[in-house]
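Enquirer: The structure's right below; bear with me while I get my questions together.
The values are calculated or read from the model by the stated rules, or taken from the named source; none is laboratory data. Just so we're clear, the structure is a prediction, and the values are computed from it rather than from any experiment. A quick note on method: Cβ atoms are made from the backbone with ideal geometry, for glycine too, and the neighbour counts reach across all protein chains shown.
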Amino acid sequence: MTVSSGSEVLSIGGLIGFNNNSPVRPVEGVAASGAVTVTGTAADNGGTAHVGGLVGENLGTIAQGAASGDVYVFAGLTQFSVGGFAGANNQSESAGELSSSIASGSVELVSEYGGSVGGFVGENGGSITDAVATGDVEFAVPLPEAGPLNRAYVGGFAGLNAGIAERTVARGNVSAATSLTNADVGGHTGYNIFATILDSYANGDVRLASNVDGTVGGLVGTTAEGDITNTYASGAVSTLGGGGDSSFALAAGGLIGQNIDDGELAPTTVTASYWDTVASGQADGGDLTLGFGLTTDQLEATASFFEFAQAQGWNFDAVWAPGAAGRYPSIYTVDRVVFARPDALELTYGQTTDATATGIVAGGPELYVFAEVAETLDTTPVFATLTFSDNLVGAQTFCC
């Protein structure tokens, strides 16, 4: 789909332009696969155009949706909100709810008028649960740049979040390049205001190249008010200013670039949220309002991270699986993962070869929202054959 917009403020989607359905009759099981390309030719008319891989603007309810096409917008002087799945998801009397959905295309906004761009949603003022964005996100300014007109919000999942994002994942890389336009850039969310990000993570690298102030974070660029709880970021975080000078970036952080506390806005409450200090290249400066730094090994250490994060409120029964060597923590509803926890076992020496165990297996098709119809997983053999760490008398670890 290719659209050249005139003077009207539009809502453009790969399948639906504008959705305002009742929660009683949600849009379910829908998909869009074609690329969406939009060129804005109008001058500023005081409104915002919304462009999404599946829906332009959502005020209703959409569940089990998928958008796989790339989204490209050349904005001109029109204000745009652009997302891989939805341009905007806004709360209304109808709903403003997106759930169990995925966006896999790349998203790019070229604009000298700022705007919001995200791998899943450009701007969110409603509720999004169990959703994934896998495509790369890019913001750029056409040259020559006219001047600083509006701020740009750029995120791997959401450009701007003023609602709820729960059990959401951003896997793509995020980059922004500007000369005069300020930008807030995050691996998950660019700008987070009076909002909630809960049980979510970002894996992509995040980069801001700018000659003016901006913020960049592995999870969130800038945040204020609201709360960020049980999250992590694992991508590289970098900034670049004019002439290779990185001093132009206002703030950079492995998890959060800036948590505002200016007398008008209170800082976001950040709880049990971490970043990889090794992969990000961002050390922990000790400011807990910006999260807590862990090494790659600490994030991937199954037993110790399980104990550490559970004590801080992470739910490993219904939400999270801890990481393992070469794998970061996962979310049962959006990652194809199970977590087996064997019960304690006491054996007589010499009987280990015939030992079986009992335990808890969490995750699998019952929780995974993208499972195939009638998909099942037989977990009964999980503890049937045990491999012990040693054959000596004493306490040992074992796995299946």
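Enquirer: Please verify whether LEU294 is surrounded by 15 or more Cβ atoms within 10 Å (Cβ to Cβ) and either in contact (Cβ under 8 Å) with a residue 24 or more places away in the chain or under 26 Å from VAL220 (Cβ atoms) (or both), treating the condition exactly as stated. Before you say what the answer is, go through the steps one by one.
Expert: Details: surrounded by 15 or more Cβ atoms within 10 Å (Cβ to Cβ): yes; either in contact (Cβ under 8 Å) with a residue 24 or more places away in the chain or under 26 Å from VAL220 (Cβ atoms) (or both): yes.
Taking the combined requirement at face value, the residue satisfies it.
Enquirer: If we only count strands (runs of 3 or more DSSP E) wholly inside the stretch 163-227, which ones have 2 or more residues that are surrounded by fewer than 24 Cβ atoms within 10 Å (Cβ to Cβ)? Before you say what the answer is, go through the steps one by one.
Expert: Numbers: elements: 164-170, 174-178, 183-186, 189-193, 196-202, 206-210, 214-217, 220-224.
Answer list for the stretch 163-227: 164-170, 174-178, 196-202, 206-210.
Enquirer: Going by what's in this entry, would THR296 be described as under 22 Å from ASN192 (Cβ atoms) and either modelled with pLDDT of 95 or more or of a type in the set (Asp, Glu) (or both)?
Expert: Taking the combined requirement at face value, the residue does not satisfy it.
Enquirer: Could you check the stretch 65-84 and list, in sequence order, the residues that are assigned to a strand (DSSP E or B) and either within 20 Å of GLY163 (Cα to Cα) or among the acidic types (Asp, Glu) (or both)? Can you show your working first?
Expert: Applying the first criterion (assigned to a strand (DSSP E or B)) to the stretch 65-84 yields 65-67, 71-74, 79-83.
Of everything in the stretch 65-84, those that are assigned to a strand (DSSP E or B) and either within 20 Å of GLY163 (Cα to Cα) or among the acidic types (Asp, Glu) (or both) turn out to be GLY65, PHE80, SER81, VAL82, GLY83.
Enquirer: Determine if the stretch 90-99 includes at least one residue that is within 19 Å of ASN19 (Cα to Cα), assigned to a strand (DSSP E or B), in contact with a strand residue (DSSP E or B) (Cβ under 7 Å, 6 or more places away or on another chain) and among the hydrophobic types (A, V, I, L, M, F, W, C). Working first, answer last.
Expert: Here is the first cut: in the stretch 90-99, the ones within 19 Å of ASN19 (Cα to Cα) are 90-99.
Adding the requirement that they be assigned to a strand (DSSP E or B) leaves 97-99.
Next, only the ones that are in contact with a strand residue (DSSP E or B) (Cβ under 7 Å, 6 or more places away or on another chain) stay: 97-99.
Now drop any that are not among the hydrophobic types (A, V, I, L, M, F, W, C), which leaves 98.
Yes, the stretch 90-99 contains a residue that is within 19 Å of ASN19 (Cα to Cα), assigned to a strand (DSSP E or B), in contact with a strand residue (DSSP E or B) (Cβ under 7 Å, 6 or more places away or on another chain) and among the hydrophobic types (A, V, I, L, M, F, W, C).
Enquirer: Shifting gears a bit: Suppose the filter is among the small types (Gly, Ala, Ser), closer than 20 Å to ILE197 by Cα, in contact (Cβ under 8 Å) with a residue 40 or more places away in the chain and in contact with a helix residue (DSSP H, G or I) (Cβ under 7 Å, 6 or more places away or on another chain); does ALA266 pass it?
Expert: Details: among the small types (Gly, Ala, Ser): yes; closer than 20 Å to ILE197 by Cα: yes; in contact (Cβ under 8 Å) with a residue 40 or more places away in the chain: yes; in contact with a helix residue (DSSP H, G or I) (Cβ under 7 Å, 6 or more places away or on another chain): no.
Answer is no for this residue.
Enquirer: On to the next question. Can you tell me which of GLY105, GLY122 is in a loop (DSSP other than H, G, I, E, B) and buried (at least 23 other Cβ atoms within 10 Å of the Cβ)? Full working, then the answer.
Expert: Numbers: GLY122 fails: in a loop (DSSP other than H, G, I, E, B).
Testing whether each residue is in a loop (DSSP other than H, G, I, E, B) and buried (at least 23 other Cβ atoms within 10 Å of the Cβ) leaves just GLY105.
Enquirer: Now for a different question. Only one of (1) modelled with pLDDT of 95 or more; (2) outside any strand (DSSP E or B) fails for PRO148. Which number is that?
Expert: Only one criterion is unmet by PRO148, namely (1).
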